[in-house]
1. At a 1.4 Å probe, what is the % contribution of carbon and sulfur to the accessible area of the range 230-311?
2. Under a Cβ-only charge scheme (Lys and Arg +1, Asp and Glu -1), can you give me the dipole magnitude of the range 271-420 about the Cα centre, in debye to the nearest 20?
3. Determine, for each peptide in 325-334, 287-296, the mean count of other beta carbons within 10 angstrom over its residues, then list the peptides with the highest first.
4. For the pairs 336/365; 240/363; 238/365; 300/406, note any where the Cα-Cα span goes beyond 31 Å.
5. For the range 360-464, what class follows from the C-alpha gyration tensor (a ≥ b ≥ c being the square roots of its eigenvalues): rounded when a/c is under 1.5, otherwise prolate if a/b is larger than b/c, else oblate?
6. Hey, can you find the accessible area per residue of the range 213-282 for me, probe 1.4 Å, expressed in square angstrom?
7. How large a share of the accessible area of the range 322-409, in percent, is made up of carbon and sulfur atoms when the probe is 1.4 Å and the other protein chains stay in place?
Amino acid sequence: MGFLSRISDLLLCRWTCRHCCQKCYESSCCQSSEDEVEILGPFPAQTPPWLMASRSSDKDGDSVHTASEVPLTPRTNSPDRRCSSSDTSKSTYSLTRRISSLESRRPSSPLIDIKPIEFGVLSAKKEPIQPSVLRRTYTPDDYFRKFEPQLYSLDSNSDDVDFLTDEEILSKYQLGMLHFSTQYDLLHNHLTVRVIEARDLPPPISHDGSRQDMAHSNPYVKICLLPDQKNSKQTGVKRKTQKPVFEERYTFEIPFLEAQRRTLLLTVVDFDKFSRHCVIGKVSVPLCEVDLVKGGHWWKALVPSSQNEVELGELLLSLNYLPSAGRLNVDVIRAKQLLQTDVSQGSDPFVKIQLVHGLKLVKTKKTSFLRGTIDPFYNESFSFKVPQEELENASLVFTVFGHNMKSSNDFIGRIVIGQYSSGPSESNHWRRMLNTHRTAVEQWHSLRSRAECDRVSPASLEVT
């Protein structure tokens, strides 16, 4: 009923009132109560479109009445109309104040306050998240540990040698000079190194005057491409001369780009039949500084080497244990770069294998000897009966000799594998064999001197 009565009042006002929208709105029939006014959004409410239209119509002169004029309404002396008139004036005054306040607060353009978006873990205290950088804290010991003493030593390997001429090096060290050449074959992809001759080599130093061959050296040259020192070549020994002429060629199968990253190392060694060979001097040439395709010849002065003694060689072995049969199988496969024991024809090497249980020698076997070589291939197998309960107390002693028909055999090198191993490499090989029964385990071993093996392995003292 209330809705229909309002519609009827609105229609009546449209007919009786001469003002249009604004005057109609000021009447009590169209006035909304204060409870019905709702402001939405974070910004002040804007002026209604219909009110803006009414203002424009007032400016055009459609209405000549002022705000002070009283609207023409049918006069009545009833008390209800008097009450309605007073209510209308109050409502008009309230609406005018509300619209004025809203107009004053309404901005010309909406202001939007957007806060920066923060990503991070929700916590009571917001902090900007920055990528963390992992930094290691260094102690004073770490800085000293990074030093390389060899870079600050005053030996021949320091960088000052690179700034000296060959004449200055020769006068400073007086170790002689070496003549050699290089040439790379692009068609066959190999590098040829020719060792021609040496001159002015120093005589050997001896404290034994009874030896007659100590007045002159017995030099030979070892050639390798660093950093690979295992696959080296070796010239023949020239007896009792300080001006040896070698005239020997050696080839290295290596790609051209890889050859440019290598360093040619030529080491002149003095052969000594009664002890380990002594290094006279060395020459190193970075191949990136050389025109390999064109090739060339050089005379280079020898400089001292930090390695005073040459290596004794390497031995390739295979071990296998069968628990069911109680057999320990040993394969001597090959050796390489063995120490030369004969001046004229190299060496006639063979390998002696001795089984030691605890500190007692149990069994001895040996390979055949191969004539005139320092890189022998054996491929010989041996089997020892070792019960499983005795395997942990067993040791194998491998000794490489140079066969000599006129006198006792020449000692070259030795290693011990087993309970009393002669080094970490030998212990690792024995441990791998124990963990993999019925499977052959191969490994290369560097030969050691007799004194070194006797010092660290009691089993070496029990054999000859």
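1. For the range 230-311, the apolar C and S fraction of the accessible surface comes to 47 percent.
2. Dipole about the Cα centre, nearest 20: 380 debye.
3. With the highest mean Cβ count within 10 Å placed first, the list reads 325-334, 287-296.
4. 240/363; 238/365; 300/406
5. Since a/c reaches 1.5 and a/b is larger than b/c, the shape of the range 360-464 is classed as prolate.
6. 49 Å²
7. 49 percent
The values are calculated or read from the model by the stated rules, or taken from the named source; none is laboratory data. Please read these numbers as outputs of a predicted model, since none were measured by experiment. Neighbour counts are summed over all protein chains in view; Cβ atoms, including those assigned to glycine, are modelled from backbone coordinates with ideal geometry. For accessibility, only protein heavy atoms count, side chains too; no ligands or nucleic acids. Shrake-Rupley method; radii C 1.70, N 1.55, O 1.52, S 1.80 Å.
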